[in-house]
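Taking it in order: structure first as structure tokens, then the write-up.
The values are calculated or read from the model by the stated rules, or taken from the named source; none is laboratory data. Predicted model, so just to flag it, every value in this text is computed and none were measured. Every residue, glycine among them, receives a Cβ derived from its backbone with ideal geometry; neighbour counts consider all protein chains shown. Note: areas computed on protein heavy atoms with side chains; ligands, DNA, RNA excluded. Shrake-Rupley method; radii C 1.70, N 1.55, O 1.52, S 1.80 Å.
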Amino acid sequence: MKKFNIKFLLCVLPLLVLLSLMEVLYRRIPNDYSFKAQYLNEHAGEIETLLLGNSHNYYGLDPNYFHDYNTFNAAYIVQRTYMDLEILKKYKNELTNLKTIVIPIIPMELYFQKIEDAPFFYNPSIHKYRIYYDLDIPWTYGDYFEINSKMFLLRNMANTLTNYYLRHIPQTSSSELGWGTNFRWEDARDLALTGRETARQHEQISFPEYELEKGIAYNKQILESIIKIGQEKGVMVYLYSPPIYKSYRELIDDERVNRAIGVFQELDSTYANCVYENYYDDESFVSKDFYDADHLSDLGAQKLSKIIDLRLRGRRKNFEEQVN
Amino acid sequence: MLFNSIDFAIFFPLVYLIYWYLLKKSVKRQNILILVSSYIFYGWWDWRFLILIAFSTLVDFIVGIYLGRFQNLAKRKVLLYVSILVNLGLLFYFKYYGFFVENFVEAFSFLGKNISFDTLNIILPVGISFYTFQTLSYSIDVYKGKIQPTKDLVAFAAFVSFFPQLVAGPIERASNLLPQFSKKRSFDYHLAVDGVRQIFWGLFKKVVIADNCARYVNLIFDQPENYGGITLIVGSMLFAIQIYGDFSGYSDIAIGAARILGFNLKQNFAFPFFSKDFGEFWRRWHISLTTWFRDYVYIPMMVASKMNLRSIVFNVLVLFLVSGFWHGANWTFIVWGLVSALLYLPEVFLKDKRRSRSLEDGGLHPRIREFLLIFRTFSLFSLSLVVFRAQSINHAFQYFSAILSDSFLRFDLGIFGRNGVILAAFLLLFFTVEWSGRNGQHALEKLLLKWGIFKRYSFYYFIIFLILFYGGIPQDFIYFQF
């Protein structure tokens, strides 16, 4: 047995060394998570409008178009509302000037599975919130490492290492205020195809039909927790459903959409600091405004940012009058 | 807990160290450790599943004890029926209840009567089809007097829940595995080394072969109408390779892990893709299940019926339909069973009398005739799997009609791209290694013994490198859903 153990350890030792080295080098590469966490650590007190949420805000709202308030885009791809809540909990004392939180929520999101149960493709980066934001996320211990979540996908990790250290290609795609810059309309994907893909993916990560109530309760409760933090701090929480392209919209069950919108409207009427607006089927967004059926392009982002900025000014004024 | 997860990579070495270092002097304590770790392993999915397995274990243990005590045939029969009823009842309730209710409702609505029925939204416990069959075979074997009932509850519970093979087999017989829990186990260096090798090869099959195939299979099966006929045929072959890599990979890891703990499990796959006909194929594919059905369904039916052609056909049909249905509560599995029977039956009548060398005796490469027969069996099996993989019968029809459409000769090279070339290279490596190692229990068992240390270790590192760097997007083991 001793012989077996020694031989086995000798065999795996070079691998452990290699993997450890990869882990250390990989973490040293500046990425969007480390950038956003660092920005919040250093500038939280200056932020007046905080954009949270997933890729819809990350690609859809450019803080440069938000004129009256200091705005930062802390949204990111597949950043579920659970993560938004954890980020808020962590920085709520530092966000001393915060006036508005903006969160995008597509109707189907109300039915998404619990973050810890969702399929791998939908939460491949949970561990990064623990590593770079230092959030306390109560799931598997392996999520302390980059290497674990990349297990069996180390090729991607090796590519990132090569690109950064040998080819000197930066690994961030956010602007200096956190907006996702790489969804250019010139590179837009096939809207019909991505409509089908998105509908299928969103169906896959939703609670099954018989557990829809569970899904609604789970996702609504997270939104309510965010709104309550806003309430404590006198912050307005602006929820909105971003525009999506018709090729995706047509494939979604209308009943589910209306039900979800009903829940968002209920939050709007229940909490004085919560506003909900719906751009889900806003026809003013045309094909050029979309990068794919579910996301805006840089042109669409410009358009939506201006609209939301305008709406926020009006809403903010109302809210302040109400509070005072 | 998944084999291809960091959880298992921590769990298994821990069990190994405690098992061999702290408890090696006591079989009883080793069995307790196996039982506890198996329950942790299984409860990792959902602790509620433990109640079921504990219940099934207790029922069959008690049935076994009483079968040992009673000589009266009527009483023994009652006990056997209790075991069958409990195990198949659990299986029916958790796996098939919803299916029967839905079909019942649909049948009535077809007749113009709308009835509603609560399907209870039952969750299917992982691995239930495997361990219920394992415990059931114990009771049947004790009833038939093939084995003596055990009085050691811990050993029996460890046999039922033995974590390496609990959730996806191999479905072990009590006659093989249970006695291994009673005798003293000593660490066998060669067995352990071979176990590690088998685990690596299993991981390679799962992570590099199956998960990489899955990417294209999902794409092609999701929208068959978008692809040409040849692409769809290739899609069905990739699915066959995926399911083989996935399932036999799981079996390899299970058998390898058991070997490290000093247990010998039965071979579950014997290189089925090199079979020259379907008879041979089914002797090599999911051996633990096919032999289970042979011993507990087919042979009793043959004994009870007349030995004529009609009863053989009938029994074969029943056998394949039941084994198809075992895979899941969906008409697709039943139809797949039927298709498999129809592919197998002609061989019963038109048995090729020409002598053909056995797979293990073959040379460096197959002869042309052998290759053609192998290819025929593989392609027909792949096509039959379209029904297995389809979400519904309608979906399967869509797939076949897309194959037979005007674009039959079209091959959509575009969807494969550069990664497709890499996958083709992996498949070449995979089939070459499997062919070269086909005379062993697993591909690497005998193959590597001929190699020098440098070549052998280079190969190990190459395989590990591929597992770590070229795995596909992690997918659940397909057979977990059964």
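So the values come out like this:
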{"quantity": "Complete set of residues in the stretch B:191-242 that are open to solvent by 20 Å² or more (accessible area, probe 1.4 Å) and of a type in the set (Lys, Arg)", "calculated": "B:Arg197, B:Arg215"}
{"quantity": "In the stretch B:413-430, residue farthest from B:Trp201 (Cα to Cα) [restricted to those that are open to solvent by 60 Å² or more (accessible area, probe 1.4 Å) and among the hydrophobic types (A, V, I, L, M, F, W, C)]", "calculated": "B:Leu413"}
{"quantity": "Qualifying residue in the stretch A:13-26 (condition: within 23 Å of the chain's Cα centre (by Cα), under 24 Å from A:Leu95 (Cα atoms) and not small (Gly, Ala, Ser))", "calculated": "no"}
{"quantity": "Verdict on B:Phe12 being outside the structural domain of B:Ala258 (by TED's automatic domain parsing), under 18 Å from B:Asp152 (Cβ atoms) and in a helix (DSSP H, G or I)", "calculated": "no"}
{"quantity": "Sole exception among (1) in a helix (DSSP H, G or I); (2) surrounded by fewer than 20 Cβ atoms within 10 Å (Cβ to Cβ); (3) away from chain A (no Cβ under 12 Å) for B:Ser37, by number", "calculated": "(2)"}
{"quantity": "Breaking point among (1) hydrophobic (A, V, I, L, M, F, W, C); (2) open to solvent by less than 80 Å² (accessible area, probe 1.4 Å); (3) in a loop (DSSP other than H, G, I, E, B), for A:Val275", "calculated": "(3)"}
{"quantity": "Evaluation of A:Glu255 against (1) within 20 Å of the chain's Cα centre (by Cα); (2) within 22 Å of A:Lys220 (Cα to Cα) (one fails), failing number", "calculated": "(1)"}
{"quantity": "Enumeration of residues in the stretch A:156-184 that are in contact with a Lys or Arg (Cβ under 6 Å, 6 or more places away or on another chain) and more than 23 Å from A:Gln79 (Cα to Cα)", "calculated": "none"}
{"quantity": "Some residue of the stretch B:166-183 being within 17 Å of the chain's Cα centre (by Cα), under 25 Å from B:Tyr21 (Cβ atoms) and open to solvent by 10 Å² or more (accessible area, probe 1.4 Å)", "calculated": "no"}
{"quantity": "Tabulated pairs, the stretch B:178-189, first over 14 Å from B:Gln148 (Cβ atoms), second aromatic (Phe, Trp, Tyr), C-beta under 8 angstrom, 6+ apart or interchain", "calculated": "B:Gln180/B:Phe263; B:Arg185/B:Phe263; B:Phe187/A:Phe4; B:Phe187/B:Trp20; B:Tyr189/A:Phe4"}
{"quantity": "The stretch B:16-34 - residue that is away from every other protein chain (no Cβ under 12 Å) and free of Cβ contacts under 8 Å to residues at least 60 places away in the same chain and, of those, surrounded by the fewest Cβ atoms within 10 Å (Cβ to Cβ)", "calculated": "B:Lys25"}
{"quantity": "Breaking point among (1) more than 27 Å from A:His168 (Cβ to Cβ); (2) within 14 Å of chain B (Cβ to nearest Cβ); (3) surrounded by 16 or more Cβ atoms within 10 Å (Cβ to Cβ), for A:Leu16", "calculated": "(3)"}
{"quantity": "Matching residues, the stretch B:109-132, being of a type outside the set (S, T, N, Q) and at pLDDT 75 or above", "calculated": "B:Pro125, B:Val126, B:Gly127, B:Ile128, B:Phe130, B:Tyr131"}
{"quantity": "Residue list for the stretch A:185-215, restricted to those being surrounded by fewer than 17 Cβ atoms within 10 Å (Cβ to Cβ) and more than 19 Å from A:Ser297 (Cα to Cα)", "calculated": "A:Arg200, A:Gln201, A:Glu203, A:Gln204, A:Pro208, A:Glu209, A:Tyr210, A:Glu211, A:Leu212, A:Glu213, A:Lys214"}
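So that you can scan it fast, the table gives a plain yes or no per residue for (1) closer than 30 Å to A:Thr198 by Cβ; (2) of a type in the set (Asp, Glu); (3) in contact with a Leu (Cβ under 7 Å, 6 or more places away or on another chain):
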residue	(1), (2), (3)
B:Glu172	no, yes, yes
B:Phe181	no, no, no
B:Phe200	no, no, no
B:Lys206	yes, no, no
B:Asp222	yes, yes, no
